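Any read-out appearing in this document is the output of simple, stated calculations on the displayed coordinates, not a laboratory observation. None of the values given here were measured: they were computed from a predicted structure. Glycine also receives a Cβ, built like all others from the backbone with ideal geometry; neighbour counts cover every protein chain displayed.
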Number of protein chains: 6
Amino acid sequence: MMFESMNWMDLERYLTHDDRIVVITGACEQHGYVSLLSDILAPVEIAKAACAQEGVLIAPPLPFGISPYFVTYPGTISLRPETFAGVVRELLAGLAAQGFRRFLVSNGHGGNTGVLVPVLVELGNAYPQARFDLFQWWTHPDVVRAGEELGLTQRHANWSENFTFTRVRPVPAGEKPPVSLPRTASAAATRLGLGDGNYGGPYQAPDEAMARFFAAAVDAMVAALHAL
Amino acid sequence: MMFESMNWMDLERYLTHDDRIVVITGACEQHGYVSLLSDILAPVEIAKAACAQEGVLIAPPLPFGISPYFVTYPGTISLRPETFAGVVRELLAGLAAQGFRRFLVSNGHGGNTGVLVPVLVELGNAYPQARFDLFQWWTHPDVVRAGEELGLTQRHANWSENFTFTRVRPVPAGEKPPVSLPRTASAAATRLGLGDGNYGGPYQAPDEAMARFFAAAVDAMVAALHAL
Amino acid sequence: MMFESMNWMDLERYLTHDDRIVVITGACEQHGYVSLLSDILAPVEIAKAACAQEGVLIAPPLPFGISPYFVTYPGTISLRPETFAGVVRELLAGLAAQGFRRFLVSNGHGGNTGVLVPVLVELGNAYPQARFDLFQWWTHPDVVRAGEELGLTQRHANWSENFTFTRVRPVPAGEKPPVSLPRTASAAATRLGLGDGNYGGPYQAPDEAMARFFAAAVDAMVAALHAL
Amino acid sequence: MMFESMNWMDLERYLTHDDRIVVITGACEQHGYVSLLSDILAPVEIAKAACAQEGVLIAPPLPFGISPYFVTYPGTISLRPETFAGVVRELLAGLAAQGFRRFLVSNGHGGNTGVLVPVLVELGNAYPQARFDLFQWWTHPDVVRAGEELGLTQRHANWSENFTFTRVRPVPAGEKPPVSLPRTASAAATRLGLGDGNYGGPYQAPDEAMARFFAAAVDAMVAALHAL
Amino acid sequence: MMFESMNWMDLERYLTHDDRIVVITGACEQHGYVSLLSDILAPVEIAKAACAQEGVLIAPPLPFGISPYFVTYPGTISLRPETFAGVVRELLAGLAAQGFRRFLVSNGHGGNTGVLVPVLVELGNAYPQARFDLFQWWTHPDVVRAGEELGLTQRHANWSENFTFTRVRPVPAGEKPPVSLPRTASAAATRLGLGDGNYGGPYQAPDEAMARFFAAAVDAMVAALHAL
Amino acid sequence: MMFESMNWMDLERYLTHDDRIVVITGACEQHGYVSLLSDILAPVEIAKAACAQEGVLIAPPLPFGISPYFVTYPGTISLRPETFAGVVRELLAGLAAQGFRRFLVSNGHGGNTGVLVPVLVELGNAYPQARFDLFQWWTHPDVVRAGEELGLTQRHANWSENFTFTRVRPVPAGEKPPVSLPRTASAAATRLGLGDGNYGGPYQAPDEAMARFFAAAVDAMVAALHAL
């Protein structure tokens, strides 16, 4: 139920029986050896699986987020907080004006969270008849637990973002010691300290482990859609 | 050569031998019977074909444009001119800071053109060592001529946007009389006057005609990439 | 019926029997040998003639538009798209709040069009009881035809902008070969390629030809005022 | 030496021997019985006279200022402070980039002053080689003194703004008691308390008195041009 | 009655019997030998005394204002006019939404006035049921008169801002000749011409004189609170 | 070492031997029974203690943050993310231009974090010679551990924000069950679900426990000042 395979008449029909919609935000930024668009690909694949079960619409993902710490890595595209906030506001307000009422904003990138939250609250204040929930697969308790059951720690660009659909090249074997950087390190300092972009841990987990990890995310999203 | 199948190291290598990049803008708006994302799907498919020949990178498309006249059709998402300008500026300036020098902005939506042009000129004034060209497949003389050779007129949401990859449902047979609306008609007036969203003409052309039409667009883009 | 020769009481009286108003936008930019303010002088003179027939009010013209490509020519003053949009929005919304309902925005500069259109549509969406029409004398079919009947092609700063009221110096005899530049050429590249500022064609047409050309514009505007 | 009677070549020549320019700001707002554009007409006529003596250029006046208190009077057009600041910044920065160095901003409207001052200081901080002076004819000590010598007090829309070139209708005989309103009164409260728009005093002074008053303003401006 | 010694329940109770609130703006900028925060300390102390009499609430002061002319003096923090306007608008609109109706904006810094006035008028236009008055202690006629009775002239950073609560170091004996600078002098020119930051006059007045001066300000503010 | 007890000359002297500065952000928002300004009072008191040891300057705190979820509680003042970002950017960039190089931004309010981080990173990218660190006392590992040693859990408006200097009224005895609300709940839903404003746990801890908790915060900040 992606917009690209629908026309406006399909949406008008949809609105006669449902008013939920998934809006995906993410980032285009370095993810070490895996895809520059991992923060979009992951929420998109999870949403496709969850929305197929629930018959819920998915709006076109916004592929750019707030990533100023990584702009020294080619391919990282970072919006300023106000620009990101502006796009999200106009996107959600526009859909609210067309009759959508229950929004699940599925955000794939941690750098967006702190701007998304106040924007969603403001929208909730402005549209009392609507509801704007935030879903972040990778911080959901069930997904975190699924990671822990694999005996692995989630970190940026490590195994936890290396799905079959984000893997673009072979990754190094073994694992990397955790990298710790000040939260507000500049992009130059970040590249110096972070090297290949992985914040530490194994570069890859077995495919069947990843399948369980992914399934936990899908289940969590299905539950979030029910709870809307 | 889409970002989604590349990591940052791939881009760093690319920048050692090329500095061209294609940046795609479009719209998420009603296109009658065809896909809400036709204005993205068309430039993406054309760019994939052209860039495969030329080995040029394609940045993630911005799927939202300036479409205030269609917001009465569900699924149309419209940004204000300043929001659209902001995203495009930060996207292009960010890539320029990473070493890209020759930009081909492939815009799939007419409503964006009048904002894109001044933004690209301003960027050219600010980055004298870079070049920001605009490519619009559907207004390119060679593509217009290809349409005329089919004996057909290009109009929003008619045959000219009905490719195999934008078709989501069967379309009506036959053709629709041309619709003429004031350029600044409100969204309410537009829906009243435009009905199904097609501005007139046949809803569909034969697939082989569309293949020739598409090929003209690809050839035009290849030439634009050479001319950068 | 220009604001400068009226006081607020005149306007209050006017609003008891009419709710139309002409709002003029244009540019302050190089026009080769003719006035830097040609894009204001032309719509002003045309509006004066048309509004005298119709008894319609003319608001003070905004003399600055979007002209980033010409900033290398002294005297060109260019606003960013968002600044131009902001002024136009506040100007029109302010007049709408005072009771004006039928707006004819007469724009004298092509660089403004792509920002004006979405702004006027958004205003129409926000003020359903009002109407915001765009009039551009130089692209009006009747005016284009009048130019063609003179056997001449309209281009920036050539004969078609050389009226008795925009002529400030003698212009070169003869004509200039057409200049073709990429639409997004930077201001430096534009000056290099464009030289004196005329995009090609005769520098001047006979005065009586210009009178017919001007009259076509006035007639077109009168019709646009009727159609409001 | 107004832009409208010059082309870009004239300005390029001018810049070889002078780098001064007058930039006029004002307002389009109720002025009781006199012209809605009095705050533009006065600085324009004064500048024309002063600049004719000094051979200094005059840029096109920005006809809209900050007048929220008068929006209940038809014909008052008010920009928000940020919009006004934006236009002034881009206008002056653009001219500074073309080689102008000594700016005399002649502001005809008191409501603009508090925004103009910080904008001009910021520009002076950003362009250390340039100078941005503010001239306000009606508050200049010599002009105030000239008014006092007439035995009259300057107030909005009274005799002091009633020049032959701002008078559009006969004005009432006699004078009006001074009106005192809180500085931040809303537009509704202002109209209620202010009635015809004159803040008090005679509606008109003898033409020869006005000629002396005007001459004082011109002399003051000539001195300001010398002092640049 | 400062927010810092209250909780939200206190405010909810307050709103059942009063709807007045004092909002303080000022500056953090050089004041010669006295405190960098003199423009906050003075209105705060005056408000505390006045509001204690009247039982009126005082919102947390915004400690940053518009001071571009002093940024060459360490410790001066200057906001752009649009940033200052934005904070003030959101602060006042937020309180208006919670039930406050009569606002006394007590501004301690002259550089803010010209932006505050239009913002307060706009708010009055937007919230017809509320009232936004401006109080500036140092320009109030009764306070000016109190200064004149001391035989002293108020100027930035001279005796008139040297209260026991703004004095941070011993000040020079005697007085300084008045300094006159163009109103739009850049920060560099200002520091060059102004030296220690005092615009002229005695650095200090006797404490009992200052007590009378302060008392005049408190009385004026009490009257302003009554007049709301 | 607060600005209010210093003049510009003090700062100029300071800059000859140190270039560190503490910048405090927080919020004015409901904190249940304790002060509306708890998120300012806590970082201010901690900074005073830490900076007294280190001899480091403290800039005037910005008392307003991002708190849209609490605007239904009187006294909560919330800025939009872009307004907050603008103030912080101008404040820090202004100090950087005056010679400060090592910034410790001590943020007392969780709702600000997600906007502060990208703003600080952008500033670090723009000023490579400066460093912008973020300190948040309440999330510092040593402070969290100190809380755990008390056997208590930190939650908004519970014991952990009830210091002697934030307590304004007696608080209820005992403790409240933890409240769990969706992160993006609207202000109306938040008030409904949250009642008195405490997110759960004891309303107060013994004073000597609070003294140890506070000391841990001071020590952590001293360490952060060393690490700058």
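Straight-line cross-link reach from B:K48 at under 27 Å between alpha-carbon atoms covers these lysines, not counting any fewer than eight positions away in the same chain: A:K48.
Just checking the listed ones, F:V23, F:V56, F:V115: in the Gaussian network model of chain F with Cα springs under 10 Å, the one fluctuating most is F:V115. Taking the alpha-carbon centroid of each part, what is the distance from the range E:12-36 to the range F:1-78 in angstrom? Distance between centres, Cα-based: 16 Å.
If I require 20 Å or longer along the helix axis, counting alpha carbons, and a Kyte-Doolittle average no lower than -1.0, what helices from chain D are left? Use full DSSP H segments.
Details: long enough: D:38-54 (24 Å, 0.48); D:81-97 (24 Å, 0.89); D:110-126 (25 Å, 0.92); D:207-227 (30 Å, 0.93).
Within chain D the helices that satisfy the rule are D:38-54, D:81-97, D:110-126, D:207-227.
Would you mind counting up the charge near C:P68? Only other residues with Cβ under 9 Å from its Cβ, with Lys and Arg at +1 and Asp and Glu at -1. With Lys, Arg at +1 and Asp, Glu at -1, the neighbours total 0. Could you work out the local net charge near D:Q136, counting Lys and Arg as +1, Asp and Glu as -1, over the other residues with Cβ closer than 14 Å to its Cβ? Computed value for this residue: -3.
Which aspartates and glutamates have a Cα less than 13 Å from the Cα of C:K176, not counting those fewer than 8 places away in the same chain? By straight Cα distance, C:K176 reaches C:D196. Which shape class, rounded, prolate or oblate, goes with the range C:67-125 when its Cα gyration tensor gives a ≥ b ≥ c as root eigenvalues, a/c under 1.5 marks rounded, and past that a/b bigger than b/c marks prolate? Since a/c reaches 1.5 and a/b is larger than b/c, the shape of the range C:67-125 is classed as prolate. If you take all other residues with their beta carbon under 13 Å from the beta carbon of F:A146, and give Lys and Arg +1 and Asp and Glu -1, the sum is -3. Roughly speaking, what is the centre-to-centre gap between the range B:168-225 and the range C:144-175 when only Cα atoms are used, to the nearest Å? Centre-to-centre (Cα) distance: 36 Å. Debye-formula intensities of chain B, expressed as log10 I(q)/I(0) at q = 0.14, 0.15 Å⁻¹, are -0.89, -1.01 (one equal scatterer per alpha-carbon, no solvent). At q = 0.14 Å⁻¹, what is the log10 ratio I(q)/I(0) for the range A:105-212, with the Debye formula run over Cα points and no solvent? Each listed q corresponds, in turn, to -0.71.
Mean partner shielding of peptide E:126-134, defined as the number of other chain Cβ atoms within 10 Å of each residue Cβ, is 3. The trypsin sites (Lys or Arg not before Pro) found in the range C:163-204 that occupy coil by DSSP, while having at most 14 further C-beta atoms within 10 Å, are C:R183. The simple Förster model, with R0 at 60 Å and r as the Cβ-Cβ distance, assigns F:F165 and A:E175 a FRET efficiency of 0.80.
Need one value for F:142-153: mean number of C-beta atoms belonging to other chains within 10 Å of its residues' C-beta atoms. Could the numbers behind the result be given before it?
On the way: counts 0, 0, 0, 0, 0, 0, 0, 0, 0, 0, 0, 0.
The mean count of partner-chain Cβ atoms within 10 Å per residue comes to 0.
Among D:L92, D:L116, D:L150, the largest mean-square fluctuation in a Gaussian network model of chain D, built with springs joining Cα atoms closer than 10 Å, belongs to D:L150. Compactness of the protein assembly as shown is given as radius of gyration and Dmax, 32.4, 97 Å, from Cα positions.
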